[in-house]
Amino acid sequence: MTYAGDISPQAAWDLLRDDPKAVLVDVRTQGEWNAIGIPDIAELDRPAHYIEWVDSTGTRNTKFVDDLREAGVSGGPVVFLCRSGQRSVHAANAATAAGIEPSYNVLEGFEGPVGPSGQRDVSGWKVLGLPWQQS
């Protein structure tokens, strides 16, 4: 079984805003959260969840699904976010395989791909001006 699909950062925000059961899970590393910032959904009166898919050495979190459940994520819709939309695909697939669905991948992620300038400044949650904060 595969995850429910890819959605844009704006569509992810709209889903989170419009569906009180929707959950945001940021699967980047602790270092990324600290250095780059985190999505801020406080205005939606529910927390985002921060659960690493891999750690800073690139080692996969083998307890990922257990960590989701421990955080209270048991159903969806669940929106998975990483830096550029790669790790979150794996997270969405793992969640779906564990029965946590529907699970979505946020295309472009928090920062988006590297643009012509060599910076991550062309797309993504942060570039689109969606709510975020420095952690």
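Every number here is computed from the coordinates shown, using simple stated rules; none is lab data. It should be emphasised that the depicted structure is a prediction, and the values quoted were computed from it without experimental measurement. Virtual Cβ from ideal backbone geometry, glycine too; neighbours counted across all protein chains shown.
Relative to the current alpha-carbon distance between K63 and V114, full extension at 0.36 nm per residue lengthens the span by 15.3 nm.
Pair-distance distribution of the range 30-101: all C-alpha pairs, bin width 10 Å, starting at 0; shares per bin in whole percent are 18, 54, 27, 1.
Working from Cα pairs under 8 Å separated by at least six residues, relative contact order for the chain is 33 percent. Using the alpha-carbon positions of the chain, Rg (one decimal) and Dmax (whole number) come out as 13.6, 41 Å. Taking trypsin sites (Lys or Arg not before Pro) as exposed when DSSP calls them loop and at most 14 other C-beta atoms lie within 10 angstrom, the chain has its longest site-free stretch at 64-135.
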